[in-house]
1. State which residue pairs qualify: first residue within 19 Å of residue A:317 (Cα to Cα) and inside the stretch A:263-281, second residue in a loop (DSSP other than H, G, I, E, B) and of a type outside the set (Val, Ile, Thr) in any location, beta carbons under 6 Å apart, and separation of 6 or more residues or different chains.
2. Might you check whether a residue that is under 24 Å from the mean Cα position of the chain (by Cα) and part of a helix (DSSP H, G or I) occurs anywhere in the stretch B:407-419?
3. Kindly indicate the residue of the stretch B:168-198 that is loosely packed, with under 15 Cβ neighbours inside 10 Å and at pLDDT below 90 and also farthest from the chain's Cα centre (by Cα) among those meeting that condition.
4. Of all residues in the stretch B:41-75, how many are within 15 Å of residue B:154 (Cβ to Cβ) and touching a Gly at 6+ places or on another chain (Cβ under 8 Å)?
5. Here are A:30, A:59: which of them is in contact with a strand residue (DSSP E or B) (Cβ under 9 Å, 6 or more places away or on another chain), surrounded by 14 or more Cβ atoms within 10 Å (Cβ to Cβ), at pLDDT below 85 and facing chain B (nearest Cβ under 9 Å)?
6. Identify all residues within the stretch B:64-79 that are more than 17 Å from residue B:274 (Cβ to Cβ) and either within 7 Å of chain A (Cβ to nearest Cβ) or touching a residue at least 40 places away in the same chain (Cβ under 8 Å) (or both); write none if there are none.
7. Which is exposed (fewer than 11 other Cβ atoms within 10 Å of the Cβ) and among the basic types (Lys, Arg), of A:237, A:224, A:200?
Amino acid sequence: MSYFIDRRPNARNKSAVNRQRFLKRYRAHIKRAVEESVNRRSITDMERGEKVSIPSRDISEPSFQHGPGGRRTIVSPGNKQFAEGDRLRRPSGGAGGGGSGEGQASNQGEGVDEFVFTLSREEFLDFVFDGLALPHLERKQLRVLEETRPVRAGISKEGVPARINIVRSMREAQARRIGMRAPLKRALREAQEALAAEERQDPVLRNPARIDELKSEIARLEKRIAAIPFLDTYDLRYNHLTHQPMPSNQAVMFCVMDVSGSMTQAHKDIGKRFFLLLYLFLERNYEKVELVFVRHHTVAKEVDEEEFFYSRETGGTIVSSALTLVDRIIEARYSPEQWNLYVAQASDGDNWDDDSATCLKLLDESLMAKLQYFTYVEITPHAHQALWDAYATIKTAYPERFAMEQIVQAEDIYPVFRELFRQRAES
Amino acid sequence: MATEETPMTRRKPIATGSDWNFETLERYEQAIAELAREYRLDTYPNQIEIITSEQMMDAYASVGMPVGYHHWSFGKQFLSVEQAYRRGQMGLAYELVINSDPCIAYLMEENSLMMQVLVIAHACYGHNSFFKGNYLFQTWTDASAIVDYLVFARKYVAQCEERHGVEAVEQLLDACHALQNYGVDRYKRPSPISAEAEARRQEEREAYLQTQVNTLWSTIPERAAPLADSLLLDSENDPLGLHRHGRYPSEPQENLLYFLEKNAPLLEPWQREIVRIVRKLAQYFYPQRQTQVMNEGWATFWHYTLMNRLYDDGLIDEGIMLEFLQSHTSVVSQPDYDSPYFGGINPYALGFAMFSDIQRICQAPTDEDREWFPEIAGSDWLDTLHFAMHNFKDESFIQQFLSPKVIRDLKLFSLVDDDRDDSLQIEAIHDDRGYRRIREALSVQYALSAREPNIQVWEADIRGDRSLTLRHVQDRRRPLGQSLFPVLRHLHQLWGFPVKLESIENGDTVRRYQWPIPEAGRESA
């Protein structure tokens, strides 16, 4: 006796609990792997989720086993040239082994020594952003309610052709057709029966006038039935949309970077990582994130991403030129009413002597009021200069919305980034 | 073709092409059932479930248990299955079958019609009849109760997690899992398990167990039976006769988990119950670990035979048959030892070759077969096959039925790896001098006792420092692997007091291990 059961509609992910338990248990390992990959790899790669490998010995489930050594007899298939009593050299090394033991090799990590699995993109980013919160997102969301979004709100009799609800329209049409035909059909049937009854009579008793009358009646009814339209204008139904206000869920991120002669490519690479991390972070919190790249030496210029990171410039540095440009772009394109505005600035700390005071004024009087957050990283192993001091003043004035850090080398980025966006206790 | 019967009149194929639907599957199932009756395949009722590939991965991760308690190791299993599947390293096994009554078999929806029919033949009639017929399964598992028991186990573990915290339960399960291969009574038939009775008895047992343990550990011990004189300390060293009470336990105990469940001094009742659950499940899987070759060989033999009959009877067409042969060939392929694809002996290949060869010996014996297998050469093949399936496990099956022809076909050879010898030696190959030795060596290779170190509870020092001593009977100087220490650590967690392990070979203590590691040094030889 056998029976079939279709289990496909049943819940999937029966293992979800176990999977989460595993991730939780090896949280520390996974986090370390994630952090390494954030530091080491190009950040655009991380969008795809992440392959994580953990040393097998750390997660092995131990049991009593035989170790190497002693005397063993092994039976194998596929003998080709051996004869009884042959002696062979013991193959050196364990399974695989191979030449390299380099970092690259462990990346590929498919050996026996690594347990490799893939975190989904969501899981990966959760690990990256573990413990981080977007500053003051709530407030902005509540305040800005100007955008609307169309929401379905039932069916209406009026609308534009693009929104015709075909199923409902056809259903209406069918109901109408049935309704309109019914009395006609009944009359037709009666007429046909009367005609048949008349024709069944003896030829002598037939009333030719009656027959003609019935025939013309039948013809008239059939014509009327045929004339009922398949679809009429008042059958049409439309999907109705209303506009529902929704919180603004879009952000602009201004990447501002000093490209003067003192900034080397290494500096820029570090800056790039910082921008990309911030971008990734914003992207997770907003539906739409736009990027604006502003580079500057003595004058500022809005450029595309490629040019931003890779073209070379020389010359002095006037930071306020960039800040002025950002301000102007905000005025022109990104109303603070509709956009959440973020500025991320990377520099080596150089600035024209008396320009720092201008920056201070500009930020304090104009920019800070519009921004959600301003982050500044200074990529230099040297002592701070005037710009840092000016920014420090701003930081004291806007401790909630301004952050600045110093970075010396690439490995510092991630900790700095965490520092900038550390989940702030409600104050 | 596998049949000697004259083919019946050819019928119309039930279906062609690769698409399946429930109606065709049912009709094929009936056709196979009819043939299976002819071959006297006695099975549990089949519950055939159609599932998606994701669900198959889930099923896989829970080691084929339809319901299981939660544990991270199953999550790990899931992740590695998923990884292998995504990378295409592994097709999902297209079938999974559970030893239960009714016998649950999973078919993946992605399978082609041929695959579904093949899986029905393989799992629902091959494996199923093996589960029902083989003596190990009959003795050790209770197919009708397992699903209920799993439900009970899952509920109980979940309850414990609620009451005592996920972490506490997880650690306990980790420790039990490390010992689960030693949670089996190898010689005594276990009592059948049933969820109802289990739940009803569970509370009584809690109370009862605790009193047992209390008696054992009471400070005024009863005198145990005195030991044989040779095992006692000299009266010179023990003039007051303090050690004349003998060892506890008086006999070495092979079932470590059982011993812990009944004797570990500090375990709470719920902890004992969880030890018991892991032990019961280990017991359930115990026959499967010992009948891999036979089980797969039997199922493969029957899918091959049944598919051929379906074809001979005209119920499947050439297209399906060709697809089947291609799939079957890859299932039973055996890469050579020096091939990059070599991963040990393929149990499907060996088992299929052996069962097919038994059939051949019965139907067309050669002189060699008459000499090697006087009893079965020329006998009724179906009787002989059923006899082999019912009464053996891998070890004895190979010992009994591995024929010179199979050794020749697979070109088996045996190799001695001795750490006192700087080269490896070929001990035997597929020739007249080698057949018996290869058969012997292969049989040992499949003996559970040779695959897993022989470790037993030797003594619990109930009157002294409460330490637990295990004995490892070392064979042919094969030492324990490094995983030993983590296992001892788990054992220590369960026992609660120091744990010692001695490796004994030929009566001499070769090595001692201890956990926690004493300050002075890791171990002394």
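1. Listed pairs, sorted by first residue: A:263/A:348; A:267/A:348.
2. no
3. It comes out as B:196.
4. Here the count works out to 3.
5. Exactly one residue qualifies, and that residue is A:59.
6. B:66, B:75, B:76, B:78, B:79
7. Going through A:237, A:224, A:200 in turn, the sole match is A:200.
A quick yes/no check of all residues on (1) farther than 28 Å from residue B:184 by Cβ; (2) away from chain A (no Cβ under 14 Å); (3) aromatic (Phe, Trp, Tyr):
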residue: B:275; (1), (2), (3): no, yes, no
residue: B:283; (1), (2), (3): no, yes, no
residue: B:291; (1), (2), (3): no, yes, no
residue: B:295; (1), (2), (3): no, yes, no
residue: B:309; (1), (2), (3): yes, yes, no
residue: B:324; (1), (2), (3): yes, yes, yes
residue: B:336; (1), (2), (3): yes, no, no
residue: B:343; (1), (2), (3): no, no, no
residue: B:348; (1), (2), (3): no, no, yes
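The values are calculated or read from the model by the stated rules, or taken from the named source; none is laboratory data. This is a predicted model, so every value here is computed, not measured. Because the Cβ atoms are built from the backbone with ideal geometry, glycine has one as well, and the counts that use them run over all protein chains shown.
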